[in-house]
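Notes follow the structure.
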C-alpha cells in the first residue's frame, strides 16, 4: 500500500485542538485593490470619502478578511490535508473593522467531530476560525464545517 | 422597488417579501485559478489536472470566490446606491453545488425582515437571504444575513 499522500486526515483534528494560522498586515493598497475588485463601497475603496462615513476611515471588506483567513488556513493545514471541501458555515461575524496597518492573527479551534453518516470514508470537523488584532480583540469569527477523508488504516 | 432608480435607498425602501435580481457572472477557468492562487490554493481550485483526480472530478471555484462575486454584483446593481452602514455578519452559508469553469451564476436576494436598530435611531436592520443559481437553475449557494442602512432623514426623497 502506498504511504498516505497527506499530512492530515479526519483523525488528526481532535476536539479542543488549537492551531495558529499565521498573521497578516492589511495595507491600504491591498484593501483598496480588493474593494475595487469585489466590494466597491466607498468605505472600502476611497480613503477620503471613507472619513465621512460611519466608520470614520477606510476599512477592509469583510470578504477580504475572510479570504485572507482562508489563505492562512490553506498554508497552516488545509493544503496538506485530505480535505474534500466544505458544506458551509453556520455563522460568520464581522466583529470589528480592519483598518490599514492592522496586523491580524488567525487561528483555528476544533469544536466538534463526527464521521459522515452517508460516506463511511469521510468525516466532518466543525471549526471556530477567528482573527484578532494586536490588542487581542476579535475582528472575525466563523464557525463551519470541513469534510476530510478518514485514514484507511487507523494504525497508520 | 418602490423608489426611483436614481434615488438613494434608505432602510425604509427594503420591503419584506421583495425579490431583487442582482445580475449574473460567468466564471472563467483563469479567474477561478487566479482567485484560488491568491486566497484558496487547494488543488481542486488551482490545478485542472489534479482536480480531475479529486472527488469533484474537475476544477471548481473557491466558495469564497462565489461569495466575492455575489458581493460585487450586489454593490453594482443594488446596494451601491443605498445608504449602507455595513453588515455585522451572515449565517448559514451553504455551498450546495460546485461552480465550474463556464458556469453562469445569477444572484438574487429575498428580503426577509426589516427592523429599526435598538441602539441607533438613525439606523435600521434588514435581514435577507441570498441565493446563487447556475444556468440549469440549480442553487449553488445560499446565505442569510443582516445589513445595516441609514433611515430616511425627514425631507429626503
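The values are calculated or read from the model by the stated rules, or taken from the named source; none is laboratory data. What you are looking at is a predicted structure, and each value in this text was computed from that prediction instead of being measured. Methodologically, a virtual Cβ is constructed for each residue, glycine included, from the backbone with ideal geometry; neighbour enumeration extends over all protein chains shown.
Just checking, which of B:134, B:92 is touching a strand residue (DSSP E or B) at 6+ places or on another chain (Cβ under 6 Å), surrounded by 17 or more Cβ atoms within 10 Å (Cβ to Cβ) and modelled with pLDDT of 95 or more? Just one listed residue meets the conditions, B:134. Applying the criterion of being farther than 21 Å from residue B:16 by Cβ and surrounded by fewer than 16 Cβ atoms within 10 Å (Cβ to Cβ) to the residues of region B:98-120, the residue that is nearest to the chain's Cα centre (by Cα) is B:104.
Residues in region B:79-89 that are more than 8 Å from every other protein chain (Cβ to nearest Cβ) and surrounded by fewer than 18 Cβ atoms within 10 Å (Cβ to Cβ): B:81 only. Taken as a whole, region A:81-99 holds at least one residue that is farther than 23 Å from residue B:44 by Cβ, away from every other protein chain (no Cβ under 11 Å) and touching a helix residue (DSSP H, G or I) at 6+ places or on another chain (Cβ under 9 Å). Just one of (1) within 22 Å of residue B:66 (Cα to Cα); (2) away from chain B (no Cβ under 13 Å); (3) surrounded by 22 or more Cβ atoms within 10 Å (Cβ to Cβ) fails for residue A:32. It is (3). Looking across region B:48-68 at every residue that is more than 10 Å from chain A (Cβ to nearest Cβ), part of a loop (DSSP other than H, G, I, E, B) and in contact with a helix residue (DSSP H, G or I) (Cβ under 8 Å, 6 or more places away or on another chain), the one that is surrounded by the fewest Cβ atoms within 10 Å (Cβ to Cβ) is identified as B:57.
Of the strands (runs of 3 or more DSSP E) entirely within region B:84-153, those holding at least 1 residues that are more than 21 Å from residue A:93 (Cβ to Cβ) occupy B:104-116, B:123-133, B:139-150.
Residues in region A:35-52 that are within 14 Å of chain B (Cβ to nearest Cβ), farther than 22 Å from residue B:34 by Cβ and assigned to a helix (DSSP H, G or I): A:42, A:43, A:49, A:50.
Could you look through region B:10-42, keep only residues that are surrounded by 22 or more Cβ atoms within 10 Å (Cβ to Cβ) and within 16 Å of residue B:78 (Cα to Cα), and pick out the one that is nearest to the chain's Cα centre (by Cα)? The extreme case among them is B:22.
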